[in-house]
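K.L.:
Could you have a look at this structure, given as structure tokens, before my questions?
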Amino acid sequence: MKQIKFIFTGPPGAGKTTAISTISEFPPVSTDVFSTDGLSSLKEKTTVAMDFGQITLDNGQKIGLYGTPGQQRFKFMWNILVRGGLGLIVLVDNRRSDPLKDLEVYLENFSEFINETDAVIGVTCMDLKDTPTLDDYQDFLQKLGRIYPVFSVDARNKEDVLLLLSALLACLEIS
Amino acid sequence: MPQKLWLYTSHLSLSNVLTLKVFLGLTKNDQIAIWEYTENPDIAAALLIDADSEDGRLQLKELIAKGKPPVLIAFSQGAEGFPEDVLVLPRPLRLAEVIAVLQQAAKRFLGISSPQVEQKPSTVVQSGAVSEKAGDIKSITTMTAPKIRRVFEVLCGSRDKILKVSSRDSQPVVFDILHRRYYPSNDAGPIEIENLLTSAAQHAQIEEININYLAKETQNLKGQELDVPLWAAALAASNEQLFDGLSRDEFFRLNRWPDLKKLGQNPLHLKLTALLRHGGTIDHFTNIIKVPAGDIINFINACHALNYLDHQTKPVVQNKAPIPEKTNASKRSLLSRIRSRLGI
């Protein structure tokens, strides 16, 4: 039986592993290694295969929480991970040089999956760098002809992560 | 000694009213009459009506039929087709023509009824009614349309302007609508701002500020985000009735996802946002999520106030196309269980 799951994606350091650990029933199983590239200044470890967390529903059904590796060189993993996915949570790190471009890359790479399901966008670290603003993100999406929920989130904050999931569920309930 | 006379306008756009107010200020040195603006038609010496609008034309006809003062001035593209006793002010507003017409009006009025001249209005205000399609704001006419307009409706109809608003109960607040910021001149909190926004425009003093003077006007004032009080004011004043410029038969679609984290999390609003993202009519929305139409209308009004809404008249057959179907039962059950598990 195919595992039902939510997919967390986004560039390295955006908070995917943290977001999963915020709501998972157990600490996420991660395939982290020590960062050796430019990322090492931001985080000590980075995910190379996936993160895995889980929640169990009242009927015993398990819902997986999967985090993709952020770096694009692990892109081959993405198509494997999305199988059985209910929807996509894209986390974007606002501190990066071109977060809007990051968003575009992930929306494009997961476009097939998003067309079949839906997506929600969480922008992290807006407290550290407030541009682009959420309006900039919405303007950008408008140019792409898309409307997705976009929220400023702190991946460590359970309420923020739940807001993302709540918006995603609202979209899935209507689609 | 010049007399003080009052001019009342009807169906004029806000920009025209603002321009007119500036021109009226230039009558201070006139030998016959000093003109001031009033919102009280009962004390007006002259009534300036936009005769190019349908409502304005009808109002003019009614007043001509009554044959009573004040002096009637038709603001119109064409000078022909009006009775002789109606003065005509050609479009667009030009200072020389406004002054000339006002001088004629003053002479005519003073020859008819001078006892009313010294009466003073209780409030001198700017009021407005939004007409989104035209993108302008029409002044209220208590003679034909006594509907109360709120301050936020004036703001919503002036999206590229900077307005300074004050009322009897509040200090002046500068609203930079284009940049969605406001600058309270005291420690006014969100509730005071919301109260000001939902107050009747006719009881507020609203003046446009040139962008070059924004820095001066807001010196030492701390700018705040306008979205939250505007959203709250629109929801509070909505009262399950679509705002002017919106019609129940229209096709509504969001052009962006509102930041509901900032505006206030509400499960119904999340659902409505997901629904409005696809677009549809109010009747279709009520059929899909089974909530009272009034709740949907309130939400649509709030989205409209923040400019998140596209709306247009479409044939009914086209309305059906983009409306999403309800998800199947098993998926719905799964999503519901996930919600329950996560407590959302």
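K.L.:
Could you check region B:64-75 and list, in sequence order, the residues that are in contact with a strand residue (DSSP E or B) (Cβ under 6 Å, 6 or more places away or on another chain) and either open to solvent by 70 Å² or more (accessible area, probe 1.4 Å) or modelled with pLDDT of 85 or more (or both)?
P.N.:
Within region B:64-75, B:Val71, B:Leu72, B:Ile73, B:Ala74, B:Phe75 meet the criteria.
K.L.:
While we're here: A:Gly70 passes all but one of (1) assigned to a loop (DSSP other than H, G, I, E, B); (2) touching a helix residue (DSSP H, G or I) at 6+ places or on another chain (Cβ under 9 Å); (3) modelled with pLDDT of 80 or more; which number fails?
P.N.:
Tallying (1) assigned to a loop (DSSP other than H, G, I, E, B); (2) touching a helix residue (DSSP H, G or I) at 6+ places or on another chain (Cβ under 9 Å); (3) modelled with pLDDT of 80 or more, A:Gly70 fails exactly one: (3).
K.L.:
Same structure again: So which residues in region B:240-282 are among the aromatic types (Phe, Trp, Tyr) and within 10 Å of chain A (Cβ to nearest Cβ), if there are any at all?
P.N.:
B:Trp257
K.L.:
Regarding A:Leu162, is this residue in contact (Cβ under 8 Å) with a residue 24 or more places away in the chain and at the interface with another protein chain (Cβ under 9 Å from one of its Cβ atoms)?
P.N.:
yes
K.L.:
While we're looking at this one, here's another question. What are the residue pairs meeting all of these: first residue in region A:68-79, first residue closer than 15 Å to A:Gly15 by Cβ, second residue aromatic (Phe, Trp, Tyr), Cβ atoms under 6 Å, and 6 or more apart or on different chains?
P.N.:
Correct list of pairs: A:Thr68/A:Trp78.
K.L.:
Looking at region B:18-67, which of its residues are closer than 15 Å to B:Leu102 by Cβ, assigned to a helix (DSSP H, G or I) and of a type in the set (A, V, I, L, M, F, W, C)?
P.N.:
B:Leu20, B:Val22, B:Phe23, B:Leu24
K.L.:
Look through region A:1-27, keep the residues that are in contact (Cβ under 8 Å) with a residue 60 or more places away in the chain, in a loop (DSSP other than H, G, I, E, B) and more than 13 Å from the chain's Cα centre (by Cα), and return whichever of them is farthest from A:Ala119 (Cα to Cα).
P.N.:
Among those residues, the one meeting the criterion is A:Lys2.
K.L.:
Can you tell me which residue among B:Asp310, B:Asp295 is more than 8 Å from chain A (Cβ to nearest Cβ) and either part of a helix (DSSP H, G or I) or modelled with pLDDT of 95 or more (or both)?
P.N.:
Answer to the selection: B:Asp295.
K.L.:
Checking the condition assigned to a loop (DSSP other than H, G, I, E, B), basic (Lys, Arg) and within 14 Å of chain B (Cβ to nearest Cβ), which residue from A:Arg146, A:Arg83, A:Arg95 passes?
P.N.:
A:Arg146
The values are calculated or read from the model by the stated rules, or taken from the named source; none is laboratory data. Quantities reported herein were computed from a predicted structural model and do not represent experimental measurements. All Cβ positions, even for glycine, are placed from backbone atoms using ideal geometry, and neighbour counts span all protein chains on display. Note: areas computed on protein heavy atoms with side chains; ligands, DNA, RNA excluded. Shrake-Rupley method; radii C 1.70, N 1.55, O 1.52, S 1.80 Å.
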